[in-house]
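Inspection log for the structure reproduced underneath, given as structure tokens.
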Amino acid sequence: MSNKKLVLGIAAGVAALAVVGVICKRKGYLDGACEKAESLGNDLKDKYNNVKESARKKFDEVVHKGGEIADRLKNKSETAAKNIDPATN
């Protein structure tokens, strides 16, 4: 297949899609589709924001818990270090 035939085939496909688009627009098939697409986009945006916010809250909880665990371990190690008898070492 030569490049000329390839270009003509692509141009014919684009022209056919344009004609179908114009016909669908005139018949009113695309009116409801645009509104539905916009509604779907808004719903997805809201869901994304909810997931993002819940992930942020969970992350903050995990960081807080990790800090508490680190503090407990630090206190236990300091207590254990104080209880070690230097004469036995």
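The values are calculated or read from the model by the stated rules, or taken from the named source; none is laboratory data. Here the structure is a predicted model, which means the values were calculated and not measured. Side chains are part of the model used for accessible areas, which takes the heavy atoms of the whole protein and leaves out ligands, DNA and RNA. Shrake-Rupley method; radii C 1.70, N 1.55, O 1.52, S 1.80 Å.
Solvent-accessible area of the chain (1.4 angstrom probe, protein heavy atoms only): carbon and sulfur portion equals 62 percent.
Relative to the longest principal axis of the Cα atoms of the chain, the long axis of helix 3-27 makes an angle of roughly 90 degrees. Close lysine pairs were tallied over the chain: pairs 8 or more places apart or on different chains with Cα atoms under 23 Å apart number 13. Sorted into 5 angstrom bins from 0, the C-alpha pair distances of the chain split as 2, 10, 7, 8, 7, 7, 7, 7, 6, 6, 5, 5, 4, 4, 4, 3, 3, 3, 2, 0 percent.
For the chain, report the accessible area per residue in Å² (1.4 Å probe, heavy atoms, rounded to an integer).
In whole numbers, the chain has 93 Å² accessible per residue.
Taking the longest Cα principal axis of the chain as reference, the axis of helix 29-83 is set at about 10 degrees.
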